[in-house]
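The values are calculated or read from the model by the stated rules, or taken from the named source; none is laboratory data. Since the model is a prediction, treat every value here as computed from it, not as a measurement. Because the Cβ atoms are built from the backbone with ideal geometry, glycine has one as well, and the counts that use them run over all protein chains shown.
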Amino acid sequence: MVNTSFIEKIAAVVIQDYADKLTETTIILPNKRAKVFLIEALKNETDKTILSPEIISIEDFVQDVAGIRAIDPIELLFEFYEVYLSVTDKQQQQSFELFANWAKTLLQDFNEIDRYLLDSTHVFSYLDAIEVLKRWNLEPEEKTKLVDNYIDFWKIVPLYYDSLYNHLLHKSIGYQGLIYREAVNNLNHFSNAITNRHFVFAGFNALNAAEEKIVQHLISIDQAKIYWDSDQTFLNDPYHDAGLFLRRFKASWKHYKANPFEWIVDDFSQEKNINVIGTPKTIGQAKIAGSIIEEIIKENPNASLDKVAIVLGEENLLVPILYSLPASVGPLNITMGYSGKNNPSQILVAKLFKMHTNALSRKGDSYVFYYKDILDVLTHPLVEPYCGTAGLVRIIKENNYTFITHNKVLELNHNHSVLFNLLFKKWDSGAITVLEGISALLIKIKENFSNDNEEEKIAKTFVYGVYKVVNKLINYYSKHHHIDNISTLHAVYKQIIDLAEVSFEGEPLRGLQIMGVLESRVLDFETVIVTSVNEGKFPAGKSQNSFIPYDVKKELELPTYKEKDAIYTYHFYHLLQRAKNVYLIYNTENEGLDAGERSRFITQLEVEKQRKHNLTFDIYNPVVPADAYLPMVVPKSDLVIERLKEIATVGFSPSALTSYIRNPIEFYFQKILRIREVEEVEENIALNTLGTIIHETLKELYTPFIGKFISEEDLANCFKLLDNEVLKQFKLVYKEGEIKKGRNLLAFEVAKRNVSNFLKMEMESLKNDEAIKIIALEQTFERWFNHPKLPFPVLIKGNVDRIEERNGKIRIIDYKTGKVEKANVVLKSWSGLTQELKNDKIIQVLAYAFMYEKEAGSLPIEVGIISFKNLKSGFLPFGFKPEKELNMVVTSEMLDFYLEEIANLLSEIFDIAIPFEEKI
């Protein structure tokens, strides 16, 4: 049986002591979340119909006392900018973007000064004196304008504070600290006005100076009672941080000189199973949390998970946790804030900003998008399934569009859906129009979701979080007019999204609870799973987002990281206080983004182990296979053999044969499954594209000479046509790609030089009285191959770059853009020809010899390669050199040996008993 929870104890006290005055009672809790639990506990505590007492959070209560409305951080930043502009010299005024960088930190300091009721003049004069002292020994020549500006900044900060305070007060709005200070100022008036009300403060730990003053005042006039949730293990230990604040209050409040400190319990020392689990990386923690839930469900399939909570030490674990939970988990309740920066909808809006700001900033062009920006937007998960732009994405990739005008985008996409029009509407009509467009876009995206599953509900919550921020911006822009252009708007948006959180709220009384650390306050669970129990995560560490130095905070009794750590300590131990089963999961990695040593809380539990605690330690590592990678093996089915027969009939190319030698799995994907490589935009020309351009240029230049001997005059004419022909081929092959700038311009010049050098080599041959007759260019040849080892005839088919008659011999040439050496085309033995990839060029050129053998008639055949990266070597002929003599003419005897090896290769390909096995 679980211990009586703190909420249940409060409900019992309220029903017992305030039964006759419930409508005049207000219960004040640390947060809003606990309200639903308390109402449920009150219902369970009584069998009568009652009117519920008012239940509110401490922040709402203080607002009531002060009579001032709280504003969110975004609105506060805009209000502060108004004040800043009104009190700062025009020459010194900064843009909103620069202002926001330091204003957010300064506002936090204003907030702390007010929450702790400090004299602002004293604090700022202190800080000003420190900055002056730091630089008191600087020689005049060492003082820079930057130093002077910094010192001047601290002199004007008091003016910023007073002006902002009065500005907000005049509007009856304020940040938390201002409201707390005004609540204290208004305390006597408030208590005199509500003499018939009774207040119950419940579940607090750390109180700031303003809260202390308010609570003590109401207690002293007998209008309030406060109930703490303190465990004697922490309260009686003078060094335990979980009891730091409660010990201070117990010792310093006048009320406790004559009254008992309520309540002190002894729950933490009771029986508990505490499992400390280390695992690498964030995803490992999510997987373990999911498996723990799965085990709980397996042990008792019919049990409710209402008393089980997953508490996230890091909010970015939320999505991995959701994907790691078992399907049988049932109802979920997520109650926590999730950073606006990690929100998928925000990522889409950020990509949209990038696409349009880049389009606007391209000088000399009207409105030109960069292809990567377009693809980033169109392939985003919130857009891709609903926009109907798969055709546009394909066209951009196939045509190498690097930069695309706005009009061209509209022209290329035939499906002008509402979503597409919202994404690509020009951002040239002012910031407020842009924001309204984004707002409409988010509404359209929201319509694509249903409420049928949890994933879509969560996605909708993310969209709504950004929608609220954008609409707030519309509201603020209409009032403040400081977002004067799109780049400024983008900067403002980036500043503001950092302050925006997506709030998840669900039905807290049913199902598994997933929450952040602060949302767990006041609540008790039987089973608690806590993630990210690492130093710097839980507790959060020594981050000081403040202009006020540590020693000054100590002097002024402002909270430092020591107090913040104590707050985290209380939250941690409160989670464990009444739990029976506890799982503490931490990241074992000590390097990387999410790394860090395990939390001091774990060490403390170990060192100060309670007698009844069963503490276990485990390290979970992912299962590592014995082999890092097992080669893929695909057995041949009857359907595969049918496909091979089909290929044999249509034609086996030399490249298909070499692709099998290179990697049978590659052959399987490309030839059997017919999977093509994914089309991508070539921003910079790839080597194979450059090769295609050179091939096509030579084909066009030499086509007029097919069937005749070429002359020096012919080649001289080719030199004249060279530049235009290369440019033409670039446009045909590279399509809409940019060829006038950067690396592509260099590639263009390389292509011209390669062709020019080839023509020079040809001219040299003619001057040496060689007779060259062009027979074929880029022509496809084929020939049936029959062999006893083959189950059926195979058509060998391929595209030959060039066939010529030179000095009474047939010469078959294959162009290679890459570097080929003479050794690559010389063979010493036919045995094992098809077993080694280094012979791929020999296999290819001899296939051309086999295909053209009949057409050659009685003329001897030479086959070989011209390498554009080795042009100085000229034509590299295939040569057979078994011993000393090199034979460069392809004889029928050579072809017989060659075909025997090809038959062996093909019989292996066609053998159903030999699977396709990956080479690694």
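Here are the numbers:
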{"quantity": "Subset of segment 75-133 [buried (at least 16 other Cβ atoms within 10 Å of the Cβ) and basic (Lys, Arg)]", "calculated": "LYS104, ARG115"}
{"quantity": "Set GLU59, GLU40, GLU45, GLU24: member being surrounded by 15 or more Cβ atoms within 10 Å (Cβ to Cβ), under 24 Å from LEU218 (Cα atoms) and acidic (Asp, Glu)", "calculated": "GLU59"}
{"quantity": "Test: residue in segment 141-154 that is over 37 Å from the mean Cα position of the chain (by Cα) and either under 30 Å from GLU40 (Cα atoms) or modelled with pLDDT of 85 or more (or both)", "calculated": "no"}
{"quantity": "Residues of segment 522-539 satisfying the condition of being closer than 18 Å to ASP306 by Cβ and not aliphatic (A, V, I, L, M)", "calculated": "ASP524, PHE525, GLU526, THR527"}
{"quantity": "Per-region count, segment 106-123, residues charged (D, E, K, R), within 14 Å of ASP162 (Cβ to Cβ) and in contact with a helix residue (DSSP H, G or I) (Cβ under 6 Å, 6 or more places away or on another chain)", "calculated": "1"}
{"quantity": "Spans of strands (runs of 3 or more DSSP E) in segment 748-835 with at least 3 residues in the same structural domain as LYS731 (by TED's automatic domain parsing) and among the charged types (D, E, K, R)", "calculated": "none"}
{"quantity": "Subset of segment 837-858 (residues that are outside any helix (DSSP H, G or I) and within 16 Å of ALA776 (Cα to Cα))", "calculated": "GLY857"}
{"quantity": "Only one of GLU608, GLU589 that is of a type in the set (Asp, Glu) and in contact with a helix residue (DSSP H, G or I) (Cβ under 8 Å, 6 or more places away or on another chain)", "calculated": "GLU589"}
{"quantity": "Residues being of a type in the set (Val, Ile, Thr), assigned to a helix (DSSP H, G or I) and either free of Cβ contacts under 8 Å to residues at least 40 places away in the same chain or within 25 Å of ARG811 (Cβ to Cβ) (or both) - total across segment 871-919", "calculated": "1"}
{"quantity": "Enumeration of residues in segment 499-522 that are modelled with pLDDT of 75 or more, surrounded by fewer than 23 Cβ atoms within 10 Å (Cβ to Cβ) and assigned to a loop (DSSP other than H, G, I, E, B)", "calculated": "ARG510, GLY511, ARG521"}
{"quantity": "Entirely in segment 280-368, the helices (runs of 4 or more DSSP H) that have 1 or more residues that are in contact (Cβ under 8 Å) with a residue 60 or more places away in the chain and in the same structural domain as LYS457 (by TED's automatic domain parsing)", "calculated": "344-361"}
{"quantity": "Complete set of residues in segment 78-105 that are modelled with pLDDT of 90 or more and within 13 Å of GLY174 (Cα to Cα)", "calculated": "GLU79, PHE80"}
{"quantity": "Filtered residues of segment 635-655 (kept if more than 43 Å from the chain's Cα centre (by Cα) and among the β-branched types (Val, Ile, Thr))", "calculated": "ILE641, ILE647, THR649, VAL650"}
{"quantity": "From the options VAL826, VAL889, VAL820, residue that is of a type outside the set (Ser, Thr, Tyr) and crowded, with 20+ Cβ neighbours inside 10 Å", "calculated": "VAL820"}
{"quantity": "So THR697, is it part of a helix (DSSP H, G or I), in contact with a helix residue (DSSP H, G or I) (Cβ under 8 Å, 6 or more places away or on another chain) and at pLDDT below 85", "calculated": "no"}
{"quantity": "Test for GLY430: is it in contact with a strand residue (DSSP E or B) (Cβ under 8 Å, 6 or more places away or on another chain) and within 26 Å of ILE486 (Cβ to Cβ)", "calculated": "no"}
{"quantity": "Only listed residue being surrounded by fewer than 16 Cβ atoms within 10 Å (Cβ to Cβ) and polar (S, T, N, Q), chosen from ASN415, ASN448", "calculated": "ASN415"}
{"quantity": "Pick from segment 374-407, criterion of a type in the set (D, E, K, R) and buried (at least 16 other Cβ atoms within 10 Å of the Cβ), ranking: modelled with the lowest pLDDT", "calculated": "LYS397"}
{"quantity": "1 or more residues within 25 Å of HIS571 (Cβ to Cβ) and among the β-branched types (Val, Ile, Thr): qualifying helices (runs of 4 or more DSSP H) within segment 176-220", "calculated": "176-185, 209-220"}
{"quantity": "Residue selected from segment 1-56 under the condition touching a Phe, Trp or Tyr at 6+ places or on another chain (Cβ under 9 Å) and in a loop (DSSP other than H, G, I, E, B), by the criterion nearest to VAL517 (Cα to Cα)", "calculated": "PRO30"}
{"quantity": "Top-ranked residue of segment 742-780 - restricted to ones that are touching a Leu at 6+ places or on another chain (Cβ under 7 Å) and small (Gly, Ala, Ser), ranked as surrounded by the most Cβ atoms within 10 Å (Cβ to Cβ)", "calculated": "ALA751"}
{"quantity": "Filter result for the condition that a residue is assigned to a helix (DSSP H, G or I), closer than 30 Å to SER269 by Cβ and in contact (Cβ under 8 Å) with a residue 40 or more places away in the chain, over ILE602, ILE585, ILE641", "calculated": "ILE602"}
{"quantity": "Among the candidates PRO625, PRO631, residue that is assigned to a loop (DSSP other than H, G, I, E, B), exposed (fewer than 14 other Cβ atoms within 10 Å of the Cβ) and touching a residue at least 12 places away in the same chain (Cβ under 8 Å)", "calculated": "PRO631"}
{"quantity": "Condition met for ILE866 (touching a His at 6+ places or on another chain (Cβ under 9 Å), surrounded by 20 or more Cβ atoms within 10 Å (Cβ to Cβ) and in the same structural domain as LEU644 (by TED's automatic domain parsing))", "calculated": "no"}
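A quick yes/no check of all residues on (1) acidic (Asp, Glu); (2) touching a residue at least 40 places away in the same chain (Cβ under 8 Å):
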{"position": "VAL393", "(1), (2)": "no, no"}
{"position": "GLU398", "(1), (2)": "yes, yes"}
{"position": "LEU419", "(1), (2)": "no, no"}
{"position": "SER429", "(1), (2)": "no, no"}
{"position": "VAL434", "(1), (2)": "no, yes"}
{"position": "ALA459", "(1), (2)": "no, yes"}
